[in-house]
Amino acid sequence: MSWNSFGRVFRFTTWGESHGPALGVVVDGCPPGLTLAEADIQPWLDKRRPGTSRFTTQRQEPDQVRILSGVFEGRTTGTPISLMIENVDQRSKDYSEVALAYRPGHADYAYDAKYGFRDYRGGGRSSARETAARVAAGAVARAVIPEVSIRAYLVELGGDAIDRSAFDDAEIDRNPFFCPDAAAAQRWEAIMDRTRKAGSSVGAIVECVATGVPAGWGAPVYAKLDSELAAAAMSINAVKGVEIGDGFAAARLTGEQNADPMRPGADGRPEFLANHAGGVAGGIATGQPVVLRVAMKPTSSILTPVETISRTGEASEIRTKGRHDPCVGIRAAPVVEAMMALVLADQKMLHRGQVEG
C-alpha cells in the first residue's frame, strides 16, 4: 500500500515527480461556495518558487498553477479540486551519476530497498519539488479557515539563531530568508555564500505560528491537534525534528515554570499569562497562538565528494551535480505554513461535524 494522501475530512492527495511533465494535488472534502481562483493560490506558490535568490536552487520554474476541476464561476463546488503545476526546467542529465550510486542522506537507497526501482532524476517522488503541490493545497485550506492567520519564518540557519528581542514581523518579507531579524539575515548571507562556495549545505529551524485558532479545535487521544501537526511537519522533506510550544525546552522546566497560568478575561474566556504549551492542551486548541517549530537537516545533494556504494554494492564516491538548495529550510517556510493550514482546515471540519453539526 502506498500513502500519498493526508487528512481526515479535508483531505488532499499529491502526485507527480521532480522531473516528470507536471505535479499536482487533488483536494477532496472542501466545502462548496468558497471563493477560489488561480490568483488566490499563485501568491503562495511564488513564495516557495525556486530561483528567486542566489541562496536557493537556480532551477527556473514559474510554478504556474491551473485549476482543473472543483471550481465553477469562481466558487468551489464541493467536488474534488484538482490543481496542476507544470515542470518546465528539468535537467535530467545532471543525475547520471545518481543513477549508478546512492547519495548518502538522501532517499535513493531507501527507495531502491523498498521498490527495487526508482526514478533517480532529482529524486523523483522524494524530491522537495513535491512540496509545491502541498503549497497549492494549503492555499485552498486557507479559504476554509479565514478566521486564522498563519506566519512562518526562520529562527536559525547553519547554527546561527535570531535575536528574539529584535523580532520584526515586517522584516520577514524584506529578505530572502524569511528572517524576522535584519541583523541575522545579514549574517546568514555570509554563511550561505561560504556554504555555496564550499559546495556544501546547512540546516535550519522554521517556526510557524497560527493566531485566531478557536478554543476547541482538535480531538482527544488519536486525532490530537498537536499530533496531527507533528505528522504533517514530519512528512515534509528534510524535517528531522518537531516541537510544539516550548518543545524539548519544557523538559528542563519545573511544573510551575511550565504552567500557563489563567486569569478571568474580559469576554468570559480565560486570559493566559504564558503559552509554553503552544496553544494546545490535551490535543485540543486553547485559543492561544498555535506554535510549531521544525528542524530541517542540511540538503543531501552537495558538490562535496562523499563516500557511498553503487547500486551493485561496490565502494564508490559521489558528488551531486545540478541545481540544488544549499539550505532547504529557506524555501520551507511557505511549506510549513501550508501544512499548518491543511491540518487546521481538517480539524475545523472535524470539530464542526462532531460538535456543531
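Taking the condition assigned to a helix (DSSP H, G or I), modelled with pLDDT of 95 or more and open to solvent by less than 40 Å² (accessible area, probe 1.4 Å), does VAL206 pass? For VAL206, the condition - assigned to a helix (DSSP H, G or I), modelled with pLDDT of 95 or more and open to solvent by less than 40 Å² (accessible area, probe 1.4 Å) - is not met. Does at least one position in segment 247-269 carry a residue that is at positive phi and assigned to a helix (DSSP H, G or I)? Scanning segment 247-269, I find at least one residue that is at positive phi and assigned to a helix (DSSP H, G or I), so the answer is yes.
Yes or no, residue by residue, for (1) over 19 Å from the mean Cα position of the chain (by Cα); (2) over 27 Å from GLY212 (Cα atoms):
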{"site": "GLU256", "(1), (2)": "yes, no"}
{"site": "ALA277", "(1), (2)": "yes, no"}
{"site": "GLY287", "(1), (2)": "yes, no"}
{"site": "ILE302", "(1), (2)": "yes, yes"}
{"site": "GLU307", "(1), (2)": "yes, yes"}
{"site": "GLY329", "(1), (2)": "no, no"}
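The set of residues in segment 300-318 that are assigned to a loop (DSSP other than H, G, I, E, B), under 24 Å from LYS240 (Cβ atoms) and open to solvent by 30 Å² or more (accessible area, probe 1.4 Å) comprises ILE302, LEU303, THR304, PRO305. Close contacts from segment 149-163, counting a first residue that is on the phi > 0 side of the Ramachandran plot and a second that is open to solvent by less than 20 Å² (accessible area, probe 1.4 Å) and in a strand (DSSP E or B), with Cβ to Cβ under 8 Å and a gap of 6+ residues or different chains, come to GLY158/ALA204. Only one of the listed residues (ALA101, ALA110) is open to solvent by 10 Å² or more (accessible area, probe 1.4 Å) and either of a type in the set (Val, Ile, Thr) or closer than 18 Å to GLU307 by Cα (or both). That residue is ALA110.
When the test is whether a residue is acidic (Asp, Glu), open to solvent by 30 Å² or more (accessible area, probe 1.4 Å) and modelled with pLDDT under 95, ASP94 does not pass it. Taken over segment 125-177, the criterion of being open to solvent by 30 Å² or more (accessible area, probe 1.4 Å), among the hydrophobic types (A, V, I, L, M, F, W, C) and part of a loop (DSSP other than H, G, I, E, B) is satisfied by PHE167 alone.
The values are calculated or read from the model by the stated rules, or taken from the named source; none is laboratory data. All values derive from a computational prediction rather than experimental measurement. Every residue, glycine among them, receives a Cβ derived from its backbone with ideal geometry; neighbour counts consider all protein chains shown. To get the accessible areas, we keep the full protein, side chains included, count just its heavy atoms, and leave off ligands, DNA and RNA. Shrake-Rupley method; radii C 1.70, N 1.55, O 1.52, S 1.80 Å.
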